[in-house]
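J.: Quick one: this structure, given as structure tokens, is what I'll be asking you about.
Where a number appears in this text, it was derived from the coordinates with a stated rule and is not lab data. If you're wondering where the values come from, they're calculated on a predicted model, not measured in any experiment. Every residue, glycine among them, receives a Cβ derived from its backbone with ideal geometry; neighbour counts consider all protein chains shown.
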């Protein structure tokens, strides 16, 4: 299950799949819509609500994890704009619009920020393009591309971003849909290779640290929805290989530069971090 309300925009075999990619289907749960349900949104179908309720019964921590993921994104984008001077963001697997979207957070700190959202789900693209209102100084654009084809992503992103200047590559709750480790590393490497030094990777994903989470995910995968692989914290850290991690490293989401909040537990079953490309 994608650890955010964002569409997990790649299929395990990286091949076209009408049910999950090219059209809207209301008879099979969809990770972006289920996540939207968990965070209190309204863009989901009854099948998503049923799947979300079944998942939460098996693993009650999933609702806190979903909301902690949104909070993590907010803190990361704020850090990168205000603290690191980043003005360009490539947000892959953006999912359904919600409060505190990447361009809203970035442009709150730096109105000239440019954000490119990448997804291949038609509902995400339609709603995102309709609701993405940018500041006059910056931009917020959507492109239809698949994480499993990084060259397609990069070609689209070059239309809107300047690859001479640093870019923050955001892979928030999406790499679990790349179930093979070698393929996951190759995709991250291919995307980062085209970005200039001083760019950043911001990434988080769900972890295999709770048996109830693993069981709930297996049950969800059995519904026919796009499967999702929970990785160990060390396997998530390995996706940052060759980069310079910024403090506090790859940690549970609620431990990454947290703001005091009674809304989240001390730890959720998802790890994330931010690193700079040398």
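J.: Using a Förster distance of 30 angstrom, determine the FRET efficiency expected from the C-beta separation of residue 109 and residue 185, and round it to 0.05.
T.: 0.45
J.: Compute the length gained on full extension between residue 159 and residue 57: take 0.36 nm times their separation in residues and subtract their Cα-Cα distance, giving the result in nm to one decimal.
T.: Details: separation 102, 0.36 × 102 = 36.72 nm, distance 4.40 nm.
Stretched out fully, the residue 159 to residue 57 stretch lengthens by 32.3 nm.
J.: Here's another thing I want to ask about it. Label points 7 Å out from Cα along the Cβ direction at residue 238 and residue 39: separation in nm?
T.: 2.9
J.: Under the Kirkwood approximation applied to all pairs of distinct alpha-carbon atoms, what is the hydrodynamic radius of the chain in Å? Walk me through the numbers on the way to the answer.
T.: Details: mean 1/r = 0.0547 Å⁻¹.
Across the chain, the inverse of the average 1/r is 18.3 Å.
J.: Express the C-alpha Rg of the range 115-229 as a ratio against the empirical globular expectation 2.2 N^0.38 Å, rounded to two decimals.
T.: Compactness ratio reported: 1.20.
J.: Still on this structure: Starting with the highest mean, order 174-181, 158-165 by the number of other Cβ atoms within 10 Å, averaged over the residues of each peptide.
T.: 174-181, 158-165
J.: Using alpha carbons only, how many angstrom separate the centre of the range 152-202 from the centre of the range 53-94?
T.: 17
J.: In which sequence would 199, 232, 31, 64 go, from the one with the fewest C-beta neighbours within 10 Å to the one with the most?
T.: So the ranking, lowest neighbour count to highest, is 232, 64, 199, 31.
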